[in-house]
Amino acid sequence: MWFPWLKTELERTGNDIWLPTIPGFTEPDLKTSLPFLIDSKKINSESVVICHSSSCPVMLSFLERVDIVIRQLVLVAPYFPMPGKKENSWQDKYDLEKIKTHIKEVVFVVSDNDPWGCTQNLVQPYFNVLGGTLVTIKGGGHFGSNTYKSPLYEFPLLLKLIDK
């Protein structure tokens with residue numbers, strides 16, 4: 001995946017990077033992932049948070065519960081449960097207006113052919129409320145997927161989108 005590459009690139013420019021493995025990251029469960037993020041005390045007003053796939057709804061749950069305004073939230077191939085459908089112990093509904101007050105800038109990065117459906121159609125309701133920037137990449141898949149034999153080891157576009 002592109003995470004280690006991005007971490008190295010950002011550290012080269014003097015950024016302090018925290019790249020945690022969220023407990024149960026393949027199937028996030030708010031009962032374990034939220035306390036992990038909250039107790040870490042690593043996310044603050046200077047943070048640029050980059051999430052991929054199923055970590056995106058976990059971050060929305062985090063931002064809904066804390067009194068922090070982060071600098072930027074970058075959601076890459078965000079997988080969100082369909083409204084009214086509870087999955088993987090995620091919330092089935094978010095207070096997006098409240099979450100919006102906890103983010104200075106938000107960027108959505110999606111593909112037009114994501115095999116898990118993490119496309120503009122899925123994120124549009126979130127984008128409509130949170131605003132920000134929506135980038136759709138043609139043929140990007142899930143931006144790294146061993147399941148679909150499309151690994152991605154570098155992601156230069158993210159460097160351009162991140163508020164360093």
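Structure summary
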item: Compactness index (Cα Rg / 2.2 N^0.38 Å), the range 30-164; result: 1.01
item: Simple Cβ-charge dipole of the range 13-164, Lys/Arg +1 and Asp/Glu -1, about Cα centre, in debye nearest 20; result: 80
item: Theoretical ellipticity at 222 nm over the chain - DSSP helices of four or more residues, -39500 (n - 2.57) apiece, nearest 500; result: -9500 deg cm²/dmol
item: Most mobile listed residue (Thr32, Thr136, Thr119) in the chain, GNM with C-alpha springs under 10 Å; result: Thr32
item: Amide H contacts of Val135 (H built 1.01 Å from N, under 5 Å, at least 5 apart or other chain); result: Phe108, Val109, Val110
item: Neighbour-count ranking [beta-carbon atoms within 10 angstrom, fewest first] of Lys160, Lys42; result: Lys160, Lys42
item: Cβ-based exposure ranking for Leu75, Leu30, in which fewest neighbours within 10 Å come first; result: Leu30, Leu75
item: Proxy reagent accessibility, fewest Cβ within 10 Å first, across Tyr79, Tyr153; result: Tyr153, Tyr79
item: The range 1-50 - charge dipole about Cα centre, Lys and Arg +1 at Cβ, Asp and Glu -1, debye rounded to 20; result: 40
item: Isotropic mean projected area of the C-alpha convex hull, the range 105-144 (nm²); result: 2.6
item: The chain: relative contact order as a whole-number percent, Cα under 8 Å and 6+ apart; result: 23
item: Computed over the range 1-77: relative contact order in percent, which uses C-alpha pairs under 8 Å that are six or more apart; result: 27
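Every read-out reported here was derived from the displayed coordinates using simple, explicitly stated rules and does not represent laboratory data. On a predicted model such as this, the values are computed, not experimentally measured, just so you know. We place every Cβ from the backbone using ideal geometry, glycine too, and count neighbours over all the protein chains shown.
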